[in-house]
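Step one of this worksheet: look at the structure below.
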Amino acid sequence: MPGQEIKYDGSDSEMMKLGLIDESGSLIVERRNEYKEYMQMAQQKKMVIPAPAPDREKMEEYFRAREYQRKARIARCRAFITKLFGRSK
């Protein structure tokens, strides 16, 4: 049964199986609270934690470096074309 999902239907027999009520039908509050806490923890583990937002300074540095690399690549290409054809555009 590892692939089977357990579902709670809220019936008295199900609550007795979980130990949330006793044979006389009275609710065991501590067990109910433990069950709720457990279900909240299980739900939190299923949730996907979003990635933190990138730091603005790091982003600016990254784009500055990319712009520098792009300008250097264009300059190398222009220098090569100038050397190859002997004139600039």
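The values are calculated or read from the model by the stated rules, or taken from the named source; none is laboratory data. The shown structure was predicted, so the numbers you read here are calculated from the model rather than taken from an experiment. Virtual Cβ from ideal backbone geometry, glycine too; neighbours counted across all protein chains shown.
Here is a yes/no grid of residues against (1) in a helix (DSSP H, G or I); (2) within 21 Å of the chain's Cα centre (by Cα); (3) at pLDDT 80 or above:
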site: Y8; (1), (2), (3): no, no, no
site: E14; (1), (2), (3): yes, no, no
site: K36; (1), (2), (3): yes, no, yes
site: Q40; (1), (2), (3): yes, yes, yes
site: V48; (1), (2), (3): no, yes, no
site: A53; (1), (2), (3): no, yes, no
site: E61; (1), (2), (3): yes, no, yes
site: A65; (1), (2), (3): yes, no, yes
site: Y68; (1), (2), (3): yes, no, yes
key: Index of the failed condition, M39 passing every other in (1) assigned by TED's automatic domain parsing to the domain that holds L20; (2) over 30 Å from L20 (Cα atoms)   = (2)
request  = Take region 21-34 and flag every residue that is outside any helix (DSSP H, G or I) and surrounded by fewer than 10 Cβ atoms within 10 Å (Cβ to Cβ).
outcome  = E23, S24, G25, S26
request  = Confirm whether A75 is surrounded by fewer than 10 Cβ atoms within 10 Å (Cβ to Cβ), among the aliphatic types (A, V, I, L, M), part of a helix (DSSP H, G or I) and at pLDDT 80 or above.
outcome  = no
